[in-house]
Amino acid sequence: MRPDAVLATGRTDYPNQVNNVLCFPFIFRGTLDAGATTVTREMEIAAVNAVAELARQEQSDIVATVYGIQDLSFGPEYLIPKPFDPRLIVKIAPAVAKAAMDSGVATRPIEDMEAYGLADPTATPSPR
C-alpha cells in the first residue's frame, strides 16, 4: 500500500474501522427518545456531523486505556472515533433527536436538550 494512502475498512486489524456499531445504536437512541416516526436525511446528516466533530476532539482517557493508544489525533490513522468511545452516545443521540424535532418527525420533543446531552447513559436508575 502507498505510504500516503488513507484507508478505512470494516476490519478491526486496520485503523479507521468503519462498522455499524459506531453509529447505529446512537442513531436509534436519538430516534426513539424523540419518538421519531421515521429516520430522515437530516437525522442521518446530524449523526455524520456529530461523528466528524468528535473525531477532531482530543481523545478521551477511556479510549486511550481501552485501545492502548495514547496519542490518537485526527489524521490518516484516525479519521473516525473508535467504536467503543463512550462519548459517541452523548454526541450522536442528541444531534439525531434535535434533527428529528427540527424536521418535524418527533412525536416526543425533548424539552431540555442540554440536560439530555449531559445524561449519563450508564447510570443506574434510582429506586423509587
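The values are calculated or read from the model by the stated rules, or taken from the named source; none is laboratory data. In this text the structure is predicted, and so the values were computed from the model without any measurement. Glycine also receives a Cβ, built like all others from the backbone with ideal geometry; neighbour counts cover every protein chain displayed.
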Checking the structure you have, find out if any residue of the range 59-74 is crowded, with 18+ Cβ neighbours inside 10 Å, on the phi < 0 side of the Ramachandran plot and in contact with a helix residue (DSSP H, G or I) (Cβ under 6 Å, 6 or more places away or on another chain). no
As an exercise: evaluate Tyr14 against (1) touching a residue at least 24 places away in the same chain (Cβ under 8 Å); (2) over 26 Å from Gly117 (Cβ atoms) and give the number of the one condition it does not meet. (1)
Here's a check for you: in the range 47-93, which residue that is in contact with a Phe, Trp or Tyr (Cβ under 9 Å, 6 or more places away or on another chain) and among the small types (Gly, Ala, Ser) is nearest to Phe26 (Cα to Cα)? Ala93
Could you tell me which numbered condition Pro125 fails, if it satisfies all but one of (1) closer than 21 Å to Gly10 by Cβ; (2) modelled with pLDDT under 85? (1)
Surrounded by fewer than 16 Cβ atoms within 10 Å (Cβ to Cβ) and modelled with pLDDT of 80 or more: which single residue out of Ala46, Ala52 fits that description? Ala52
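Would you check if Tyr14 is aromatic (Phe, Trp, Tyr) and assigned to a helix (DSSP H, G or I)? Spell out the reasoning first.
Details: aromatic (Phe, Trp, Tyr): yes; assigned to a helix (DSSP H, G or I): no.
So Tyr14 does not fit the description; no.
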